[in-house]
1. Assess whether LYS55 counts as being assigned to a loop (DSSP other than H, G, I, E, B) and on the phi < 0 side of the Ramachandran plot.
2. Would you mind listing the strands (runs of 3 or more DSSP E) fully within region 168-273 where at least 3 residues are touching a Leu at 6+ places or on another chain (Cβ under 9 Å) and modelled with pLDDT of 95 or more?
3. Determine if region 452-471 includes at least one residue that is assigned to a loop (DSSP other than H, G, I, E, B), touching a residue at least 40 places away in the same chain (Cβ under 8 Å), surrounded by fewer than 19 Cβ atoms within 10 Å (Cβ to Cβ) and in contact with a Lys or Arg (Cβ under 8 Å, 6 or more places away or on another chain).
4. Out of the residues in region 403-431 that are in a helix (DSSP H, G or I) and of a type in the set (Phe, Trp, Tyr), which is farthest from ligand 2 (Cβ to nearest atom)?
5. Please specify each residue of region 331-383 satisfying the condition of being within 20 Å of CYS441 (Cβ to Cβ) and β-branched (Val, Ile, Thr).
6. Restricting to region 16-40, and then to whatever is outside any helix (DSSP H, G or I) and at pLDDT 95 or above, can you tell me which residue is surrounded by the fewest Cβ atoms within 10 Å (Cβ to Cβ)?
7. Filter region 359-411 down to the residues that are charged (D, E, K, R) and crowded, with 23+ Cβ neighbours inside 10 Å and list them by number.
Amino acid sequence: MAKSSEAYEIWWNKADEKEKKEAFAFCDGYMSFLNSCKTEREAASYAISHLEKNKFKDIDKAIGKGKAAALKPGDKVYRSLWGKAVLAAVIGKQPPVGGVNAIAAHIDSPRIDFKQNPFYEDTHMALAKTHYYGGIKKYQWVCMPLSLHGAVFLKNGQKVEINVGDKEGDPCFVITDLLPHVAQKQMEKKIADAITGEGLNILVGAMPGEKPKDDEDKEEASVKANLLRILKELYGIEEKDFVSAEIEAVPALPVRDLGFDRSLIGGYGHDDKVCAYPALRALTDVKGIPEKTIVVFLADKEEVGSQGNTGAQSTALSNFLAELCAGTAEDYNDLTARRCFAASHMLSADVSSAVDPNYKDAQDPLNANYIGKGVVLEKYTGSRGKSGGSDANPEFIAALREVFDEGGIAWQTGEIGKVDLGGGGTVALYMANLGMQVVDCGVPVLSMHSPYEVVGKGDVYNTYKAYRAYYQNFR
Ligand code: MN
Ligand code: MN
């Protein structure tokens, strides 16, 4: 077979006992990150504190009015985008105008968001209306313990953080489902129709307030009123404050070792934090001053199409690169940044599908990705006739093969699935619009977009090694 990595290669050929230990230790770090970072806000603030620990400085604090930050080789800078996405860079020996080595991953994951008027009472219970985010199979999200994460912004500018349902002793929340005894009609429906979007209402309480003295107090004593009283008590917030809030319901499940041999990780949000964490670590673990300027973009909104000012379609990356150019170039003009974009390289660090032994029909076995064969290099994504994908130039892939093989990295190549079955996309095409060379490169995942996705530890570690080698050695 033309594939670079054969079966078992991660464990038999590419890793000695020392490296196996390193792989497991690296994954311990990843698992603790994933446990504490279920949302883009949490992942962004983790990234910022990790960067600051590693002496990265907020680029916007270094800039005077109308000036550029003066940057020299070895300088480390970052920029936060509304606390939901992060850009960071280490200035290389060569100025960024000659091109940077960048990696873009996303830190948002499919989930269930509160609507802006969430709360209502029905059947003596309090519920929250929701609008799901990203491509979910809705039936997977009912009867699943949920936690709530997010932020409420008050009129005075104050931010109130919500994080309830994951810590020991916390209550959790759930979307109920119909008992099988009376579900005959529901069971005859197609899976896609059995659970509706408007039916994803989260149960959040069932106790009324104190018994009213007369009929007029009845509303004050309802389950909903009692819920609002508790929210006021716990967080100092009112019903109207949810208009300016982002509350995300995510699975209240811990990230865990999976399998007797503990070679896998089960958890929520691998897509795409399993590429974001290795990318961030690769950036901060690079030794000495890199030859080229290295950049990471941890983007938001990928799961809904990368729109918005925290998504990869925004000018966030180009503005940041322009900032790096302005900080290092003698005479900066508009062309300086454009030359930097066109000379740059980018790994679109996103997950791909792994062949599922229960659903082997979904892939062409010759062009599929497998758990245990290492990091995935995916020339193109998209659906039908490669629609909506960015088809990487083979020259770039060839140069990466050299870097990966030199670095002893287990890698594989494959597509997300069979040609006419569906498809998917990543941020690659938006980065490629700037003129840079882009290819998809990330971890293969089982049960993608479900509340409990699965990845292999060897694949995660080889992804980290691949990103590090690219930052260090790609010219
Ligand atoms: Mn993804
Ligand atoms: Mn996804």
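The values are calculated or read from the model by the stated rules, or taken from the named source; none is laboratory data. What you see is a predicted model, and the numbers here were worked out from it, not measured in a lab. Methodologically, a virtual Cβ is constructed for each residue, glycine included, from the backbone with ideal geometry; neighbour enumeration extends over all protein chains shown.
1. no
2. On the way: elements: 202-205, 245-251, 256-258, 264-267.
Counting at least 3 such residues, we get 202-205, 245-251, 264-267.
3. Looking for residues that are assigned to a loop (DSSP other than H, G, I, E, B), touching a residue at least 40 places away in the same chain (Cβ under 8 Å), surrounded by fewer than 19 Cβ atoms within 10 Å (Cβ to Cβ) and in contact with a Lys or Arg (Cβ under 8 Å, 6 or more places away or on another chain), one finds none in region 452-471, hence no.
4. By that ranking, first place goes to PHE404.
5. The answer is VAL351, VAL355, ILE371, VAL375, VAL376, THR381.
6. Within region 16-40, the subset outside any helix (DSSP H, G or I) is 16, 37-39.
The next check asks that each one be at pLDDT 95 or above; those that pass are 37-39.
Details: CYS37: 22, LYS38: 26, THR39: 24.
By that ranking, first place goes to CYS37.
7. Matches in region 359-411: LYS373, GLU378.
Yes/no matrix, rows are residues, columns are (1) surrounded by fewer than 23 Cβ atoms within 10 Å (Cβ to Cβ); (2) within 16 Å of ligand 1 (Cβ to nearest atom):
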position	(1), (2)
LYS301	no, yes
VAL304	yes, yes
GLN307	yes, yes
GLN313	yes, yes
ALA316	yes, no
ALA322	yes, no
CYS325	no, no
ARG338	yes, no
HIS345	yes, no
